[in-house]
Amino acid sequence: MAGEWFDCHSPEFIEAKARASEWCARYNATPYARRGERKQMLKELFGAVGTNVSVGDNFTCGFGTNIFIGSNVSVNLNCTFIDNNRITIGNDVLIAPCVHLNTASHPVELTERLTPNWNPESGEYRWRTRALPITIGNGCWIGANVVVLAGVTIGDGSVIGAGSVVTKDIPAHVLAAGNPCRVIREINR
């Protein structure tokens, strides 16, 4: 949570991932028509869930406990939230199908990416990993197939165009799109 390097295969993380994996299997097996039951399930795992929250089928998360969702939020089908760090989603947010929110990251340079003095017998993970939070402000719309990377904040009222890869913070009340995602224009408030 402090953004430091960690072993994502240490026993406590494996246990938390297993719990989230079991939860995802139960959640995705629960028919969409049983929305009341599904809403209760969100409260079982997520850090916080506001009122009038819907998360579609084929949802996947890393831990679940680091996901904090406000009120009046719709998360569409096939979304993946890798919540090794905190994911905060404000109120009145639309998240389209196939959106990926990924708080985990690895160094670009191979020598930095490899765990120093790694021993395959140790059970330690080979790759260095760290995680940074993701924040999506109130009133945002995140388009289909968007990927939001670790450490990104998307300001209130902004729209992220379909297929974008968000690598840096996006200010409030703008339309942004592309790979890498960039501001296209301001949006009337």
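The values are calculated or read from the model by the stated rules, or taken from the named source; none is laboratory data. What you see is a predicted model; the values in this text were computed from it and never measured. Every residue, glycine as well, gets a Cβ built from its backbone with ideal geometry; the counts of neighbours run over all protein chains shown.
Only residues in the range 104-128 that are under 27 Å from GLY151 (Cα atoms) and of a type in the set (Phe, Trp, Tyr) count as the first member; pair them with residues that are modelled with pLDDT of 85 or more and part of a loop (DSSP other than H, G, I, E, B), Cβ under 6 angstrom, at least 6 apart or cross-chain, and list the lot.
From the range 104-128, the pairs are TRP127/HIS106.
Just checking, which of ASN76, ASN66 is touching a strand residue (DSSP E or B) at 6+ places or on another chain (Cβ under 7 Å) and crowded, with 21+ Cβ neighbours inside 10 Å?
ASN66
So how many residues does the range 36-57 have that are charged (D, E, K, R), part of a helix (DSSP H, G or I) and in contact (Cβ under 8 Å) with a residue 12 or more places away in the chain?
To start, the set of residues in the range 36-57 that are charged (D, E, K, R) comprises 37-39, 43-44, 57.
Those still in the list that are part of a helix (DSSP H, G or I) too: 37-39, 43-44.
With the extra rule that they be in contact (Cβ under 8 Å) with a residue 12 or more places away in the chain, the set shrinks to 38-39, 44.
Matching residues across the range 36-57 total 3.
Which residue is farthest from the chain's Cα centre (by Cα), if the candidates are limited to the range 1-35 and must be part of a loop (DSSP other than H, G, I, E, B) and among the aliphatic types (A, V, I, L, M)? First the steps, then the outcome.
Of the residues in the range 1-35, the ones part of a loop (DSSP other than H, G, I, E, B) are 1-5, 7-10, 30-34.
If we keep only those that are among the aliphatic types (A, V, I, L, M) too, we end up with 1-2, 33.
Details: MET1: 14, ALA2: 17, ALA33: 25 Å.
That would be ALA33.
Is it the case that ASN84 is at positive phi, in a loop (DSSP other than H, G, I, E, B) and not aromatic (Phe, Trp, Tyr)?
no
Could you please let me know if GLY139 is outside any strand (DSSP E or B) and crowded, with 18+ Cβ neighbours inside 10 Å?
Answer is yes for this residue.
In the range 109-129, which residue that is outside any loop (DSSP other than H, G, I, E, B) and not polar (S, T, N, Q) is farthest from PHE13 (Cα to Cα)? Write out each step before concluding.
Within the range 109-129, the first condition is being outside any loop (DSSP other than H, G, I, E, B), and the residues that meet it are 110-114, 120-122, 127, 129.
Narrowing the set further to residues that are not polar (S, T, N, Q) leaves 110, 112-114, 120-121, 127.
Values: LEU110: 24, GLU112: 22, ARG113: 19, LEU114: 19, PRO120: 18, GLU121: 19, TRP127: 15 Å.
In this case the residue turns out to be LEU110.
Here is a yes/no grid of residues against (1) surrounded by fewer than 14 Cβ atoms within 10 Å (Cβ to Cβ); (2) within 19 Å of ASN76 (Cβ to Cβ); (3) of a type in the set (Gly, Ala, Ser):
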{"site": "VAL99", "(1), (2), (3)": "no, yes, no"}
{"site": "VAL108", "(1), (2), (3)": "yes, no, no"}
{"site": "ARG113", "(1), (2), (3)": "yes, no, no"}
{"site": "GLU121", "(1), (2), (3)": "yes, no, no"}
{"site": "TYR125", "(1), (2), (3)": "no, no, no"}
{"site": "LEU132", "(1), (2), (3)": "no, no, no"}
{"site": "GLY155", "(1), (2), (3)": "no, no, yes"}
{"site": "GLY163", "(1), (2), (3)": "no, yes, yes"}
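Yes or no: SER105 closer than 18 Å to ILE134 by Cα, at pLDDT below 95 and polar (S, T, N, Q)? Steps first, answer last, please.
On the way: closer than 18 Å to ILE134 by Cα: yes; at pLDDT below 95: yes; polar (S, T, N, Q): yes.
For SER105, the condition - closer than 18 Å to ILE134 by Cα, at pLDDT below 95 and polar (S, T, N, Q) - is met.
Consider ASN91 against the criteria (1) in a loop (DSSP other than H, G, I, E, B); (2) crowded, with 19+ Cβ neighbours inside 10 Å: it satisfies all of them except one. Which criterion is unmet?
Status for ASN91: all satisfied but (2).
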